[in-house]
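These notes are about the structure you will find just below.
Derivation of every value follows stated rules applied to the coordinates shown; laboratory data play no part. For clarity, every value in this text was computed on a predicted model and none was experimentally measured. For neighbour counting, all protein chains shown are included, and Cβ atoms are generated from backbone atoms with ideal geometry for every residue, glycine included.
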C-alpha cells in the first residue's frame, strides 16, 4: 500500500532521528496550516460599517446587502472569486473601496482569530514535535501588522513555539514573499537534506527549489494565486491532514 505524504514524512523524520540527525519541519501558515476564508468572510461582511463604505451606502445599497451575507469558500483566493460567485455588480471605485477595507482587516492582528486550522494539521505538527522534530514557521505575514496576533494564534491552537526564533516573519510589509522565503533557506545553517518546508504557493516553491534544490518541499494543495502551477513531483497535502 502506498504511503501518504504525511505517513512518508513521519517515517523520514523517524529515520533522521535514528541516524542521530535533528530533522526540521518548517511550515507556512496562511492556506497551509490555517484556512483563511473565514477571516475574509468576516471582513467582507463588516464592509458596511467601515469608513470606506460611506460614499456608497445609498448608491450601492444592493451590493452592500450582498456583502453583508456573503459566504466564502476554502477554495477562494482573495476576494474576487467570492464576489463574482455572489454576483456583486458595482462601479470600479466600489470594488477598490472593498479591497482597501479587506487589506486593512486581512493583514491585521485582530482578524486572525477567525482563521480555522485545516483538519488534522495541528495534531500532525504536534505529533512531529513530540517525535523530536524541530518545528518552526516561515510566513509572509509581517511583524508590524501581524506579529502579536500570530504568536497568540499559535499559542491559542496549541502549536509548538519554543522560542521567538521559531517564528520567522517579514520585518515590514514591503518585502516580497518569494524572495524573502527563498533567501531564508539560502542563509539557513545546517544540512537542508534534513529540512522539510510546507507551503501552498507554487510560485514561491519553484523559486526555492531553483535556489536550494536539496531542500525537501511539500506542497499544500489548498488554494494559491494561480500565477504558476505546482510541480507534479512535489509530495502534497490536501485540506485534510489526517493520516
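Using the beta-carbon distance between residue 164 and residue 50 and R0 = 25 Å, what value does 1/(1 + (r/R0)^6) give for FRET efficiency, to the nearest 0.05?
Details: r = 33 Å, r/R0 = 1.32.
Result of the calculation: an efficiency of 0.15.
Considering the zone a paramagnetic label at residue 22 would reach in this model (a point 7 Å from Cα along the Cα-to-Cβ line), which residues of segment 100-138 have amide N under 19 Å from it?
126-138
Mind checking the angle between helix 177-186 and the chain's longest principal axis? C-alpha axes, 0 to 90 degrees, to the nearest 10.
10
Could you work out how far apart the two model spin labels at residue 57 and residue 126 are, taking each label as a point 7 Å from the Cα in the direction of the beta carbon, and quote it in nm?
The modelled label-to-label distance comes out at 4.5 nm.
Taking R0 as 22 Å, what FRET efficiency do you get between residue 15 and residue 151 from their Cβ-Cβ distance, rounded to the nearest 0.05? Walk me through the intermediate numbers first.
Working: r = 32 Å, r/R0 = 1.46.
The calculated FRET efficiency here is 0.10.
Using only Cα atoms, find the angle between the long axis of helix 143-156 and the longest principal axis of the chain, and express it within 0 to 90 degrees, rounded to the nearest 10.
Once rounded, one gets 70 degrees.
Between residue 179 and residue 87, what length comes free when the chain is fully extended (0.36 nm per residue of separation minus the Cα-Cα distance, one decimal in nm)?
Values: separation 92, 0.36 × 92 = 33.12 nm, distance 3.59 nm.
Gain in length upon complete extension: 29.5 nm.
With angles folded into 0 to 90 degrees, how steeply does helix 121-131 sit against the dominant principal axis of the chain? Use alpha carbons for both and round to 10.
20
Say we join alpha carbon atoms closer than 10 Å with springs in a Gaussian network model of the chain; which of 221, 30, 65 then has the biggest fluctuation?
Looking only at 221, 30, 65, the largest GNM fluctuation is found for 65.
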